[in-house]
1. Within the stretch B:304-417, considering only helices (runs of 4 or more DSSP H) that don't extend past its boundaries, which have at least 3 residues that are more than 27 Å from B:Pro517 (Cα to Cα) and within 16 Å of ligand 3 (Cβ to nearest atom)?
2. Suppose we filter the stretch B:456-495 for residues that are assigned to a helix (DSSP H, G or I) and in contact (Cβ under 8 Å) with a residue 12 or more places away in the chain; how many remain?
3. Given the criteria at pLDDT below 95, away from ligand 4 (no atom under 16 Å from the Cβ) and at the interface with chain B (Cβ under 8 Å from one of its Cβ atoms), does A:Gly201 qualify?
4. Any residue at all in the stretch A:118-129 that's touching a helix residue (DSSP H, G or I) at 6+ places or on another chain (Cβ under 7 Å), touching a residue at least 12 places away in the same chain (Cβ under 8 Å), crowded, with 16+ Cβ neighbours inside 10 Å and of a type in the set (S, T, N, Q)?
5. Out of B:Glu272, B:Glu286, which single residue is charged (D, E, K, R), under 30 Å from B:Asn351 (Cβ atoms) and within 16 Å of ligand 4 (Cβ to nearest atom)?
6. So for the stretch A:29-41 (the condition being facing chain B (nearest Cβ under 9 Å), over 34 Å from the mean Cα position of the chain (by Cα) and within 28 Å of B:Pro460 (Cβ to Cβ)), does at least one residue qualify?
7. So, of the residues in the stretch B:260-291 that are touching a Pro at 6+ places or on another chain (Cβ under 8 Å) and within 20 Å of B:Arg545 (Cβ to Cβ), which turns out to be surrounded by the fewest Cβ atoms within 10 Å (Cβ to Cβ)?
8. Which one is nearest to the chain's Cα centre (by Cα), of the residues in the stretch B:318-335 that are at the interface with chain A (Cβ under 7 Å from one of its Cβ atoms) and away from ligand 2 (no atom under 16 Å from the Cβ)?
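The values are calculated or read from the model by the stated rules, or taken from the named source; none is laboratory data. Remember, predicted model here, so these are calculated numbers, not experimental data. Every residue, glycine among them, receives a Cβ derived from its backbone with ideal geometry; neighbour counts consider all protein chains shown.
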Amino acid sequence: MLAAFLLTSSGLLLAQPAGPSPIPSIFDPHSTPAHDIYHLSLFVLSICATIFLVVFSLIVYAAFKYRHRPSDDDCEPPQIYGSNQVELAWTVIPILIVVVLFLASARVIHAVEDAQFPPDAIQVTATGHQFWWEFEYPKYGFVTANELHVPVSANGQSLPIHIMLLSADTDHSFWVPQLAGKTDLIPNRRNETWIEPHEVGIYVGQCAQYCGTQHAKMLLSVVVQSPEDFQRWVQEQKAPAVMSPQVAEGRRVFETNACMNCHTITGTIANGRFGPDLTHLMSRKTIASGAAPNDEQNLRLWVKEPDAIKPGSLMPAMQLNDHDQDALVAYLMSLQ
Amino acid sequence: MADAQPILPPMIISPEREGTRPMVQVLHDWIVTVDHKKLGLMYFGYGIIFLVIGGIEAAIMRAQLAVANNHLVSPETFNRLFTMHGTTMIFFAAMPLVFGFANYLVPLMVGARDMAFPRLNAWSFWMSVFGGLILYFSWVGGFGLYGAGSAPDVGWFAYAPLTASSFSVGHSTDYWIIGILVSGFGSIGTALNVLTTTFCLRCPGMTLRRMPLLVWMNAVTMFLVLVALSPLTAAQVMLLIDRYLGGHFFDTQAGGSAVIWMHFFWIFGHPEVYILVLPAFAIVSEVIPVFSRKPIFGYNIMVAATVAIGFISLSVWAHHMFTIGMTSYANAFFVASTSAISVPTGIKIFNWIGTMWGGKIRYSVAMLFCVAFLCQFLIAGLTGIMLAAAPFDWQLGNSYFVVAHFHYVILGGIVMAIFAGVYYWYPKVTGKMLSETLGKWHFWLFVIGFHLTFDFMHIPGLLGMPRRIYTYDASRGWEIWNLIVSIGVIFQILGIVFLVLDLIWSYFKGAPAGNDPWDAWTLEWNTTSPPPDYNFAEIPVVLSRRPLWDLKHPEDPDWKYE
Amino acid sequence: MAAATITVPQTEMPLSASYRGKVGMWCLIVAESAIFSIFVVAYLYYAGKSISGPTPAQVLDIPWFNSICLFSSSLTIVLAEKALHHGNIKRFGLFWFLTIALGVIFLIGTGREWYGLIYHDGLTVSSSLFGTTFYSLVGLHAFHVTVGLIGLTIILIFTLLGALRQEHAARVSVFAMYWHFVDVIWVVVLSVVYFIAR
Ligand code: HEA
Ligand code: HEA
Ligand code: CUA
Ligand SMILES: [Cu+2]
């Protein structure tokens, strides 16, 4: 049974494609903390598997060997009340195992939790919202949402990313299994975590602490890029929103509707913080924290009827006439 | 052997069959009763009903999760389903079931005529009933009584600030709070009652060191109820103060702390799981010896281990909070205390094996369930150990691996042990044997269903599937596992159906049991089946842990060896 | 029958049933202590964490008189028990009444303290964390005092009706245990609220 699912999972473990995968298996780590945990977990698994095999075979043996056979006479078996040596033995051995387990865990706890960061480590402040992620890069002074971009730590160069975890409303939890264990985002409490990805690619994860109606669709993805691509991305994000005259109409709609109270678009009067920053909306692959691909008809649908994509999200349906709708979507599409 | 002389002149009095009296009067008797046996049975029936209700909620959840992007239920409904499922199963299915056993068996086993405080006993039962009714009333009254109401959707541990009035409008959460509060008072009453009974009403000669293990383990359980359930009561009161008087205990806007609720809840929550599992251990410790035809192996160390579990379990609660960013020292401490619990628990497992060792094991359905219990609890405990390694938990926590872990303990351990208890004591309670054929059907269907569901539930957890999500995307590779998990439920349902059939069928058609069908050794088998209202015509006197053994084997009685 | 005839040494007799009440009350006390300790923990945890409103040091002054009354009520109730034990019902009634009086004085004292806090210092349950925790903890204790007083009064009524007799001494002393518990809790609350977290 345990053996069964251990085998299956280790089977999956081997089956894992090397590199980031859409299946966020904890047995396919690609970042320093995830690796430390991975090694510990293999150690613990093997200990537990051994204990299981030993004790399980004892049970099975006893259950079969000492079953009542029809051939038996009906007199009672010898009455044994206990044996101090044996009982002592199976008290002491588990104690030793427990000590080992404790030391192993303590080592990794220390390695991951008390890690020191170089002063130039990249800082990100992740804030959990119902039901989306806000990522702020204090050093670079810009804000984005739902898709966290970080540089890779490859060929000898180590670029750990230090993430401050806050919450704007309820508890959430930051979990990208291939990069690190989860850490909760809790209102008026400062939590921290860190990652150090070794491979370029997109890593998926999602909110792992129940936070309300749409906890299920509070996905997030971490885009690990080469340092050069990362810098390029940073430069794009720092730039204010593009202002092409073709979409001036859409911009007017945005600024004259409630949108501006909840969303920020740098360079316009819209500076709300309740919803994701839309300055570079089109630089993201998905909308509504991974609920749908970021393309024209999804955007239109989202603005018309958010519940169609993400029932229970906190963005109200905006009753706009078709003209405004088209203009607005055109404007959103222009936010490269 | 079965026809050996009991300690006392055999009972001639048999309670008049209830069928012969008008229905209304029978009903009235049950409602006003203060008899520990009747109350025990009512606890049991109550527990079964809620097990089915909670099970149906679970079945709906599984149907929703069977395939990716399913639209069977809305997210709101799903959140209510798992909240109600968890709350129902823990507080209104599992606890009544174990309390039922304690109520029925403890007085019989210590040779008393009733609980120490029979009226308090009835009060406790009805309190827990009202608790359940209040909770379920929320389906209609949740948003205030104006038509559309609905159940709480905050999760069974109701983390702050989701329960604050700003995030949980309407009254649904209040029904959750008050329902648990009320039933909590009942539980504390029961605990007080059982403890007093064990301390004061033991029959002559029954020293603490001669108490049946079942009584010992229930005593420790009830102690845990006293010290662990009360903190929950306190926390619930604070939450009410927040919601109704504008207090700030857990109000994060006004400097309140979300984390302190977690501490308060789990200070209750972890001991709670041992409150549920110790009575299961208790049942197993009675059934295994009788069917292995040997005394329990290492009685003293069993008792010591029980007490040890009781105390250690009070110091491990924060293993539910490894991911909230505690200091490395705090985490390390809770790793130590949590894994330490595996030592006394292991002792129990080994002692049960030691009891079977060298015996002549008779495999009636009760014993089958005990063997299944051993294997499954072993596995469940080991997955617990994996979770107890904090860094491993940073990955596994709040994933389906945890859900699998605790269902493994609860169904593979507790529920299976309860089933064993049902097959073992049903003859005593009704005077009829349960049908072994139906029983075997129940056993195999349920065991197969259990393993289909909960073995495979671990895997999506390892593949990063969080709990409490109403749907997921096909690209994540969780689909196939969830499908298998859901299929297993069908078998479990069938299993339960067979149990219910067996209970009803045997009541009318079952073979008569006699006083002592299993040739057992504890006092309850020394009175008629079902026992008369006053249990024993004459208070028995015992000289050893197995009074009926002494009686049946005057040539070498137990007390020579104790 | 053989077994039944064997006489069992006294040492093997469990606590006799007459201890029932005491054991039950002890269990209740354990549970109650657990409840109080949670409230105490909350109070200490939030001490000095309020973001608005008055601080304890500004508004709280130590209720000496109150406390002395409550503590001495523990003494009077003991005397009452003694009296009943010796079958002196009159004396019992007197001391029992004194106990009630002292309890009532305590409650009145608390009431006046709260009145001042609410109407002069504007400290309410919802005003700040201090308010929330203070009223909850002290209020929880006051609630227990009230329950105790109700019980005491009922017994007093029985006494006046002459229904109370010497053989009830055991039960009365079980109830007295509860009253002592309420006093002991006040020692804790007093030291926590008015000294430690001040
Ligand atoms: C109901 C009964 C029950 C029982 C008995 C247990 C038993 C244990 N549980 Fe479990 N647990 C739950 C019910 C239970 N649990 C529930 C309901 C939750 C989830 C709550 C929620 O989040 O909704 C939970 C969650 C839970 C968590 C938190 C996971 C998370 O949310 O992140 C952890 C972490 O440490 C844990 C650990 C353990 C351990 C170490 C044991 C130990 O007691 C197990 C000890 C037994 C053994 C180890 C096997 C036998 C021993 C041997 C054969 C000896 C040799 C072995 C060794 C030396 C290792 N449990
Ligand atoms: C005693 C405790 C107990 C028991 C017995 C069960 C039993 C079951 N649980 Fe339970 N479960 C919990 C306690 C329990 N659970 C808790 C505490 C949680 C956490 C809640 C939270 O996160 O807040 C939880 C959460 C939980 C989840 C996770 C929900 C989520 O996180 O999204 C799931 C999902 O599969 C699940 C499934 C099941 C199943 C399939 C059973 C099955 O074993 C049930 C089988 C029994 C039956 C099905 C009854 C038989 C019915 C009949 C005979 C009538 C006919 C039935 C039909 C017509 C449908 N449970
Ligand atoms: Cu955010 Cu769950
Ligand atoms: Cu636990």
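1. B:400-407
2. Residues that pass the stated criteria total 24.
3. Working: at pLDDT below 95: yes; away from ligand 4 (no atom under 16 Å from the Cβ): yes; at the interface with chain B (Cβ under 8 Å from one of its Cβ atoms): no.
Judged against the criteria, A:Gly201 is not a match.
4. Going through the stretch A:118-129, the residues touching a helix residue (DSSP H, G or I) at 6+ places or on another chain (Cβ under 7 Å) turn out to be none.
No, the stretch A:118-129 contains no residue that is touching a helix residue (DSSP H, G or I) at 6+ places or on another chain (Cβ under 7 Å), touching a residue at least 12 places away in the same chain (Cβ under 8 Å), crowded, with 16+ Cβ neighbours inside 10 Å and of a type in the set (S, T, N, Q).
5. On the way: B:Glu286 fails: within 16 Å of ligand 4 (Cβ to nearest atom).
Testing whether each residue is charged (D, E, K, R), under 30 Å from B:Asn351 (Cβ atoms) and within 16 Å of ligand 4 (Cβ to nearest atom) leaves just B:Glu272.
6. No.
7. Once the filter is applied, the top-ranked residue is B:Pro289.
8. B:Val335
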